[in-house]
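**Student:** This is the structure I have questions about; it appears just below.
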Amino acid sequence: MLSVKLLSRTAFLGLYAGLLGLISGPATAQTAPFTVEVRFVGKAPNAAQQATIRAAAARVSKLIASPFGPVTLPGDAEACDKGLPTVRGRVDRFFVFVRVLPLDEDLYAEAWPCDLHDGSYLPVYGAVSLNSRVLGDLSATDLTDTMIHETLHALGVGTLWEADARVSLSGESDERSLVTKSAGQFYYTGARGVAAYRALGGRGDRVPLDADAGHWAGSAVCSEILSGDAGNYTGRVNPVSPLTLGALEDLGYRVNRAAASPYTLPLRGYGVKSAPVPAKSTSPARRPTSYANCAAVRAAGAAPLRRGDPGYRADMDGDGDGLACE
């Protein structure tokens, strides 16, 4: 009789689970964990580099706790940049196109988001260009660090901080800006990022930014993953601090705080006053030029950008004459 009772209980549990499945339906992309898929375009890196790039994407995936909202891109959608495939139809997960191109020799890579969701203004997908001139010189560690940094840019960190970059699929903009400028200096003003900065010991109601308005000022955060000076710190994977997680939250992502790296500010109490800038190395900058928009190009004194220049993108070149942000 014991075996009959156990069998009946097992059958009941199986039936119950089946009914729940019928009621709730199968797991969907709405409830699936956030993932960053890598799609190589053109001549791909070698097998070892591809594995490193995918591992870096997986590390970034673990930073985000919110699901990706599936979206259908219209049939008349345009390519994000010259040489990239046109994406149309349903997209169920965030992905980045990764390609290897000759960039300026002082760049390791550049990245940007492509197509923004209506409502949330979060990217549907992104693009990363790795510099063919220096890729072969990067160790696996430095390539990991570079790809984490660039994937964060593709997700909108540093690239969706200004209002004119925040235009959704339907052409709407929330006119939201997380950057302000005072006395010639750019500052980040997003509430979650500023709170994280203050919790780390930073002072004031804003975070100093580099001249491109898309990276934390190296003088304030030193080697943090989104620092403008991170390219000076090689042979290591630079820390993804609570500051960068706060910036993800300001964009609208939910984050996994436990995924933040151990990190302390190099100058506790540093705020809006100037501080000595660390001497820069002569090694190639990892990625100082991923302009969010033409406003950032002009603010950095880099306008106009010519086709082939670091940071040039076809979407900035409205008339297609090879000059952007003129």
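Readers should treat all values here as calculations from the given coordinates under stated rules, not as data from a laboratory. Treat the numbers as computed from the prediction; the structure is a model and nothing was measured. Neighbour counts run over all protein chains shown; Cβ positions are idealised from the backbone, glycine included.
**Student:** Please compute the Cα-Cα pair-distance distribution of the stretch 120-208 with 10 Å bins starting at 0, giving whole percents from short to long.
**Tutor:** Using 10 Å bins, I get a P(r) of 14, 33, 32, 19, 1 for the stretch 120-208.
**Student:** Counting only residues 5 or more places away or on other chains, whose amide H sits under 5 Å from the amide H of Ala127 once H atoms are built in the peptide plane?
**Tutor:** The list, which skips near neighbours in sequence, is Phe97, Trp112, Cys114.
**Student:** Taking the Cα atoms of the stretch 25-117, what is the range of coordinates along each of the three principal axes, in descending order and whole Å?
**Tutor:** 50, 33, 21
**Student:** Indicate the gyration tensor shape class of the stretch 183-273 (rounded, prolate or oblate), computed on the Cα atoms with a ≥ b ≥ c the square roots of the eigenvalues: a/c under 1.5 is rounded; otherwise a/b larger than b/c is prolate and the rest oblate.
**Tutor:** Rounded.
**Student:** Can you pull the one-decimal nm distance between simple spin-label points at Ser261 and Lys43, each 7 Å off the Cα toward Cβ?
**Tutor:** Computed distance between label sites Ser261 and Lys43 equals 3.1 nm.
**Student:** Between Asp92 and Asp118, what's the calculated FRET efficiency when r is the beta-carbon distance and R0 is 22 Å? Round to 0.05. Can you show the working numbers first?
**Tutor:** On the way: r = 17 Å, r/R0 = 0.76.
E between Asp92 and Asp118, to the nearest 0.05, is 0.85.
**Student:** Treat the count of other C-beta atoms within 10 Å as a stand-in for reagent exposure and order Ser129, Ser182 from fewest to most.
**Tutor:** Working: Ser129 26, Ser182 9.
Ordered from fewest to most neighbouring Cβ atoms within 10 Å, Ser129, Ser182 come out as Ser182, Ser129.
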